[in-house]
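Peer 1: My questions all concern the structure below.
The values are calculated or read from the model by the stated rules, or taken from the named source; none is laboratory data. Please read these numbers as outputs of a predicted model, since none were measured by experiment. Please note: Cβ atoms are built from the backbone with ideal geometry, for glycine as well, and neighbour counts cover all protein chains shown. To get the accessible areas, we keep the full protein, side chains included, count just its heavy atoms, and leave off ligands, DNA and RNA. Shrake-Rupley method; radii C 1.70, N 1.55, O 1.52, S 1.80 Å.
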Amino acid sequence: AAVRDVEIDPEGTFKYILVRLHRPGGGERRDIVRGTKAAEFHNHIFEKVNPEMEKLGYECKCLGGGKIEHNSKDKKIRVFGLSTGYGKADHSVTVEILKKEYTDYEITWSDDKK
């Protein structure tokens with residue numbers, strides 16, 4: 001419960017990663033979405049998330065990345081693109097996670113690069 005499923009910037013287009021958390025020893029396992037304009041590269045996001053999650057007793061694995069276009073005024077989120085370092089996240093999984101947080105949004109994904 002200490003870890004939110006989604007932490008993304010409230011507006012703009014920015015890089016995101018899909019991260020799998022699991023408890024060592026095969027306990028709880030879940031995927032989370034993290035994205036921010038502050039990250040120049042996808043690994044900058046992971047480098048911030050990983051130590052935070054380790055403190056809470058999770059092991060992290062980056063499942064891939066892409067970009068998110070967040071338009072809070074129109075309540076739209078578009079997931080697209082890929083990470084050069086981590087590869088393309090499964091955007092359909094990302095969208096399902098986002099839908100739990102942004103219930104009144106139109107959320108779409110594509111394999112478009114831009």
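Peer 1: Could you tell me the calculated FRET efficiency between LYS75 and PHE41, based on Cβ-Cβ distance and R0 = 25 angstrom, to the nearest 0.05?
Peer 2: Details: r = 29 Å, r/R0 = 1.15.
Computed FRET efficiency for LYS75 and PHE41 comes out at 0.30.
Peer 1: Largest first, what is the accessible-area ranking of HIS70, HIS44 with a 1.4 Å probe?
Peer 2: Numbers: HIS70 5, HIS44 75 Å².
Listed by decreasing accessible area, they come as HIS44, HIS70.
Peer 1: Let me ask you something else. Please determine, in degrees from 0 to 90 and to the nearest 10, the orientation of helix 42-55 with respect to the longest principal axis defined by the Cα atoms of the chain, where the helix direction is its Cα long axis.
Peer 2: Its long axis makes an angle of about 40 degrees.
Peer 1: What's the Kirkwood radius of the chain in Å, using all Cα pairs?
Peer 2: Across the chain, the inverse of the average 1/r is 14.1 Å.
Peer 1: Probe of 1.4 angstrom, ligands and nucleic acids ignored: what's the accessible area per residue over the chain, in square angstrom?
Peer 2: Values: 6430 Å² over 114 residues.
For the chain, the solvent-accessible area averages 56 Å² per residue.
Peer 1: Let me ask something additional. Would you work out what percent of the accessible area of region 45-114, with all protein chains in place, is carbon or sulfur (probe 1.4 Å)?
Peer 2: 49
Peer 1: May I ask for the distance between the Cα centers of region 48-114 and region 1-20, given as a whole number of Å?
Peer 2: Between the Cα centre of region 48-114 and that of region 1-20, the gap is 6 Å.
Peer 1: With all protein chains present and a 1.4 Å probe, how do GLU47, GLU28 order by accessible area, largest first?
Peer 2: GLU47, GLU28
Peer 1: For ARG23, ARG29, ARG34, ARG78, write out the residues from largest to smallest accessible area, computed with a 1.4 angstrom probe and no ligands counted.
Peer 2: On the way: ARG23 80, ARG29 155, ARG34 10, ARG78 60 Å².
In descending accessible area the options line up as ARG29, ARG23, ARG78, ARG34.
Peer 1: While we're on this one: Given LYS48/LYS113; LYS75/LYS114; LYS55/LYS75; LYS67/LYS100, which pairs have Cα atoms separated by over 28 Å?
Peer 2: LYS55/LYS75
Peer 1: Do any chymotrypsin sites (Phe, Trp or Tyr not before Pro) in region 39-108 lie in a loop, going by DSSP, with at most 14 other beta-carbon atoms within 10 Å of their beta carbon, and if so which?
Peer 2: For chymotrypsin sites (Phe, Trp or Tyr not before Pro) across region 39-108 that sit outside H, G, I, E and B with at most 14 neighbouring Cβ atoms in 10 Å, the list reads PHE41.
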